[in-house]
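One structure coming up, written as structure tokens, with questions to follow.
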Amino acid sequence: MSTDQMHAGDVYATGVADEADAEGARVFNAAGGDWDTIADEASALHEERIVVNMGPQHPSTHGVLRLILELDGETVTETRAGIGYLHTGIEKNMEFRNWTQGVTFCTRMDYLTPLFNETAFCLAVEKLLGITDQIPERASIIRVLMMELNRISSHLVALATGGMEMGATTVMTVGFRERERILSIFEMVTGLRMNNAYVRPGGVAQDLPPGAIDKIRDAIPAIRKGLGELELLLNENPILKGRTVDVGYLDLTGCMALGITGPVLRSAGLPHDLRKLDPYCGYETYDFDVITRDSCDSYGRLRIRIDEMYESLKIAEQAVDRLQGTPGPVMVEDKKIAWPAQLAIGGDGMGNSLDHIREIMATSMESLIHHFKLVTEGFRVPPGQAYVAIESPKGELGCHVVSDGGTRPYRAHFRDPSFNNLQATAAMCEGSQVADVIVAVASLDPVMGGVDR
């Protein structure tokens, strides 16, 4: 490993410009800049510098990410990340919808982890409402089950696309094959493969349908076998190790300085996992381990993601066992908050079952009025603000919601781990080869929907 790579982890502040201090460690300052700025600098200094754009539409940038690389031959001397090409205005749009409708927006942020986005938002809304302890146990167990399956599907995409970018197409086909098993479960439970809008303030949209438990029980051993195949392809593969060992190096000092969380932080040896440190949804009652390594490189992050998937399977098995012994509702009892749940799909395909229509139309005018107001206007949330953070597959996913006492969020803002982790690009890449940039970015596993929001 080169001296540049070893020192790439000695980060004291974010940014891209670097200089040597008295001890020889590299210092990153907060200087910014873009293509035209770099070009002007180069011409003013009369230096022979090559500036190359990688992206924003490039097969190895994990979405619409633009990397501005300054090269000296094949060696990267400076790296800048250009973001904002996928900006959707999700957080602003949520201010114009009621609290429950906000779920349909935030689920689309990091589109590989929709159930985590939904859960973080709903936990924050429930904290504002003061109903955190009133959420039915069955709803919390379903949330944990769905999140852990989603964690596996997200990690599978990280490994599959990372493998594809290094030329290992078999890794991609195996990874997506196993992910397909999980997406079929999501489709059965929520009606959708992605952007599920399944977790709602107060609980979940509906209980598991008949046959879902059996389908999940059958899928878990198959997924475990598929993970074994991925391990055989990856773990001791000399070509893979040659591409990933000591590549994308970022030590604990650099992670702490840049606010890095998730597998990248755990690859530096720190067992930071919010499921253990600040439990939510009853995670403190599940048996699982926090996976760490001390390699600080891309290979360590790959191994962590594989081991984490096995831990998620353990949690999913425990959740399935609990669901069989925990009957009950999946939505909070307070009728002023509880969005209509448990609706069988009716002949109109809209979720209005005959039984439900018969109840609200024929037996209770009060129920009809209440249903109409709740669905059209939404429930009111007391004035205040709340922040809730959960452990997404990529790191700490936080949701900060502010209420002015109305039926819509005054403000909703998310701390997406991909956004913070992307700061590490410069520290990981400068001093390495161009080919190592692709591996380093893949090891961060950024999703641009979450970065740009």
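Based on the alpha-carbon gyration tensor of region 398-453 and its eigenvalue square roots a ≥ b ≥ c, which shape applies: rounded if a/c is under 1.5, prolate if not and a/b is larger than b/c, or oblate?
prolate
Also: Using 7 Å Cα-to-Cβ label points, what is the GLU180/GLU377 separation (nm, one decimal)?
4.9
On average, how much accessible surface per residue is there in region 365-415, in Å², for a 1.4 Å probe, leaving out ligands, DNA and RNA?
Working: 2450 Å² over 51 residues.
The answer is 48 Å² per residue.
Sticking with this one: Between ASN53 and THR77, what is 0.36 nm times their sequence separation minus the Cα-Cα distance? Round to one decimal in nm.
7.3 nm
A further question follows. From the Cα gyration tensor of region 85-235, with a ≥ b ≥ c the square roots of its eigenvalues, which class applies: rounded if a/c is under 1.5, or else prolate if a/b is larger than b/c, or else oblate? Show your work: numbers first, answer last.
Details: a/c = 2.59, a/b = 1.49, b/c = 1.74.
Oblate, since a/c reaches 1.5 and b/c is not below a/b.
Next up: On a C-alpha basis, how far is the centre of region 263-318 from the centre of region 93-109 in Å? Whole number, if you could?
29
Still on this structure, please answer the following. Label ASN93 and LEU368 with points 7 Å out from Cα along Cα→Cβ: what is the distance between them in nm?
3.4
Another one. Keeping all protein chains in place and using 1.4 angstrom, which order do THR61, THR376 fall into by accessible surface area, from largest down?
Values: THR61 0, THR376 85 Å².
Largest to smallest exposure gives the sequence THR376, THR61.
Still on this structure, please answer the following. For a quick check of your reading of the filter: which GluC sites (Glu not before Pro) in region 184-263 sit in a DSSP loop and have no more than 11 other Cβ atoms within 10 Å?
Sites meeting the loop and neighbour criteria: GLU236.
Peptides 388-396, 311-319: what's the order by average Cβ count within 10 Å, highest mean first?
With the highest mean Cβ count within 10 Å placed first, the list reads 388-396, 311-319.
Full-extension gain between ARG224 and ASP321, please, as 0.36 nm times their residue separation minus the C-alpha to C-alpha distance.
Here the segment from ARG224 to ASP321 would lengthen by 33.2 nm.
Of the listed pairs LYS225/LYS276; LYS127/LYS335; LYS215/LYS314, which have alpha-carbon separations greater than 23 Å here?
LYS225/LYS276
Once you have a ≥ b ≥ c as the square roots of the Cα gyration tensor eigenvalues for region 223-351, tell me rounded if a/c is under 1.5, and otherwise prolate or oblate according to whether a/b is larger than b/c. Walk me through the numbers before you get to the answer.
Working: a/c = 2.53, a/b = 1.92, b/c = 1.32.
It is prolate, given that a/c is not under 1.5 and a/b is the larger ratio.
By per-residue mean of other Cβ atoms within 10 Å, what is the highest-first order of 168-174, 77-83, 246-252?
246-252, 77-83, 168-174
Okay, moving on. Assuming R0 = 56 Å, can you tell me the calculated FRET efficiency for the pair ASP214 and ASP40, based on Cβ-Cβ distance, to the nearest 0.05?
0.30
The values are calculated or read from the model by the stated rules, or taken from the named source; none is laboratory data. None of the values given here were measured: they were computed from a predicted structure. For neighbour counting, all protein chains shown are included, and Cβ atoms are generated from backbone atoms with ideal geometry for every residue, glycine included. Side chains included, ligands, DNA and RNA excluded: accessible areas come from the protein's heavy atoms. Shrake-Rupley method; radii C 1.70, N 1.55, O 1.52, S 1.80 Å.
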